[in-house]
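Just below is one structure, and these are the notes that go with it.
Nothing in this text is a laboratory measurement; each read-out follows from the coordinates by a stated rule. Keep in mind that what you see is a predicted model, and the values were worked out from it rather than measured.
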Amino acid sequence: MTDRALLIQLKGYGLTTAEIYYFMPDHPSLLQLFAWQEYDAAPDFPVLFDFLAHWRREIDAKIKSVRIAHDKLVRPANWRSADGVISWE
């Protein structure tokens, strides 16, 4: 993990992944997928919405839908014991 990634997570940002389904105007029957991932702040997602605004201004592709997943990565660790033993012989 880079220093930038840790610092931005400490400010409350979490890893956001967006699946952007789109089609090109000259091929409207061909649906395509663009995967985008960046650190962003839920629930407002300012970084993602800035990217989508840029897309609408600068790219000819038409967005059909956007699916968002978000997870804050900085949190207390979870620990649980395993009830088994693995041995190699």
Value of D in µm² per second that Stokes-Einstein yields for the stretch 6-56, Kirkwood Rh from Cα pairs, at 4 °C (1.567 mPa s)
105 µm²/s
Two-decimal Rg/Rh of the stretch 35-74 from alpha-carbon positions, Kirkwood Rh?
0.99
